[in-house]
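*Asks:* So that we are looking at the same thing, I have put the structure below in structure tokens.
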Amino acid sequence: MSSQLWAVNTLGGYFYSLNLSDELRQSVQTTTKFRQFADVKDASQQGKKKGDTFTWDVVSNIATQGNALTETNTMPESNFTITQGTLTITEYGNSIPYSGKLEDLGKFSVKDTVMKVLKNDTTKVMDCAAHQQFNRTPLRVVPTGGTSTTAVTLTTNGTATLTNNVAFNKDHAKSIIDTMKERNIPAYTGDDYFALAWPSTYRTFKNNLESLHQYTDRGLTMIMNGEVGRYEGCRYVEQTNIVKGGAANSTTYNTFTNTADAWDNAASDWIFFFGEDTVAEGIAVPEEVRAKVPTDYGRSKGVAWYSLNGFGLVHTAQDQARVIKWDSAA
């Protein structure tokens with residue numbers, strides 16, 4: 001089992017090298033981006049002792065719309081249907097064991113350092129789990145013909161059918177937001193939708209906006225982690241937790257192992273556009289840090305993070321879907 005040890009420099013011995021700086025540096029990290037858009041308003045209904053299945057009801061529109069009445073006719077009657085969404089509560093976690101010798105001889109607090117590293121790991125894992133559900137959306141858009149710089153083609157079966165060969169730009173943004181409005185996707189906040197992608201995926205789009213001066217004071221009033229601006233009723237958020245790529249034909253793309261797989265034409269990459277009611281999160285045990293009970297007479301120690309929760313795409317039917325992915329077939 002790998003662990004932090006005094007005897008191996010890279011695993012702990014460097015905690016007391018000669019003339020060691022008093023400042024401990026951390027590798028670069030990011031905050032959660034996908035998870036912040038998951039809905040946890042009803043998570044309190046889950047808790048412990050309630051099984052591993054978390055469900056919610058989705059109510060349809062009325063089956064037959066109302067109309068003008070004729071005085072001599074009876075009032076028309078109709079109904080609605082209820083479908084049920086489900087997610088599975090899953091255990092997540094990771095741990096770092098370390099030796100008592102390292103803790104006793106090291107200049108820095110081993111436990112504090114381990115907890116920081118585990119916190120960063122938790123952030124990434126939770127974002128990966130939330131992203132998995134965003135990625136289940138049945139709605140995908142690709143530039144029309146794969147090359148249009150203005151129009152987009154929508155598919156509703158969860159798979160992009162065209163290879164995306166152009167960079168995302170302001171005209172694509174307009175087409176996608178028009179599509180969302182015309183599908184009656186409710187706004188996420190106020191009248192605004194949200195979009196989430198890598199900074200470089202927005203580059204051509206942001207260059208477009210610089211010339212239009214569209215980043216107004218209102219657009220720069222940030223309300224979410226990573227938000228960079230607003231355009232045509234959509235607020236744009238940058239993230240770097242979830243790796244690039246993963247087109248429809250990819251067999252190697254894996255967010256949990258940080259395995260990227262760029263699109264065949266690297267002119268663009270995925271973007272998720274969404275309105276209200278995206279992904280549900282059910283929580284039985286919120287993420288927490290747990291210390292290992294010392295063994296071997298106190299010589300073997302460790303710290304872990306643990307959570308018992310799950311994520312699920314709220315609306316899986318294409319006519320009710322709230323998430324649209326800028327995607328590619330290859």
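*Asks:* How many residues does region 169-191 contain that are more than 20 Å from the chain's Cα centre (by Cα) and part of a loop (DSSP other than H, G, I, E, B)?
*Replies:* Residues in region 169-191 being more than 20 Å from the chain's Cα centre (by Cα) and part of a loop (DSSP other than H, G, I, E, B): 5 in total.
*Asks:* Can you list residue pairs whose Cβ atoms sit under 8 Å apart, with the first residue in region 113-127 being in contact (Cβ under 8 Å) with a residue 12 or more places away in the chain and the second being of a type in the set (Asp, Glu) and not in a helix (DSSP H, G or I)? Count only pairs 6 or more apart in sequence or on different chains.
*Replies:* Here the result reads Thr122/Glu287; Met126/Glu287, each pair linking region 113-127 to a residue that is of a type in the set (Asp, Glu) and not in a helix (DSSP H, G or I).
*Asks:* If you don't mind, another one. Please tell me if Ala284 is of a type outside the set (D, E, K, R), more than 26 Å from Asp178 (Cα to Cα) and either touching a strand residue (DSSP E or B) at 6+ places or on another chain (Cβ under 6 Å) or surrounded by 22 or more Cβ atoms within 10 Å (Cβ to Cβ) (or both).
*Replies:* yes
*Asks:* Next up: Going residue by residue through region 100-112, is there one that turns out to be part of a helix (DSSP H, G or I) and of a type in the set (Val, Ile, Thr)?
*Replies:* Checking region 100-112: at least one residue is part of a helix (DSSP H, G or I) and of a type in the set (Val, Ile, Thr).
*Asks:* Filter region 270-314 down to residues that are farther than 18 Å from Gln36 by Cα and among the aromatic types (Phe, Trp, Tyr) and give me whichever is farthest from the chain's Cα centre (by Cα).
*Replies:* The extreme case among them is Tyr297.
*Asks:* Is one or more of the residues making up region 291-313 closer than 30 Å to Ala195 by Cα, in contact (Cβ under 8 Å) with a residue 40 or more places away in the chain, among the hydrophobic types (A, V, I, L, M, F, W, C) and not in a strand (DSSP E or B)?
*Replies:* Within region 291-313, not a single residue is closer than 30 Å to Ala195 by Cα, in contact (Cβ under 8 Å) with a residue 40 or more places away in the chain, among the hydrophobic types (A, V, I, L, M, F, W, C) and not in a strand (DSSP E or B).
*Asks:* Kindly provide the set of residues from region 265-278 that are modelled with pLDDT under 95 and of a type outside the set (A, V, I, L, M), ordered by number.
*Replies:* Asn265, Glu276, Asp277, Thr278, listed by residue number.
*Asks:* Count, please, the residues in region 128-147 that happen to be more than 21 Å from Gly85 (Cβ to Cβ) and buried (at least 17 other Cβ atoms within 10 Å of the Cβ).
*Replies:* 4
The values are calculated or read from the model by the stated rules, or taken from the named source; none is laboratory data. The structure presented is a predicted model; accordingly, all values stated were derived computationally and were not measured. No Cβ is skipped: glycine too gets one built from the backbone with ideal geometry, and neighbour counts run over all protein chains shown.
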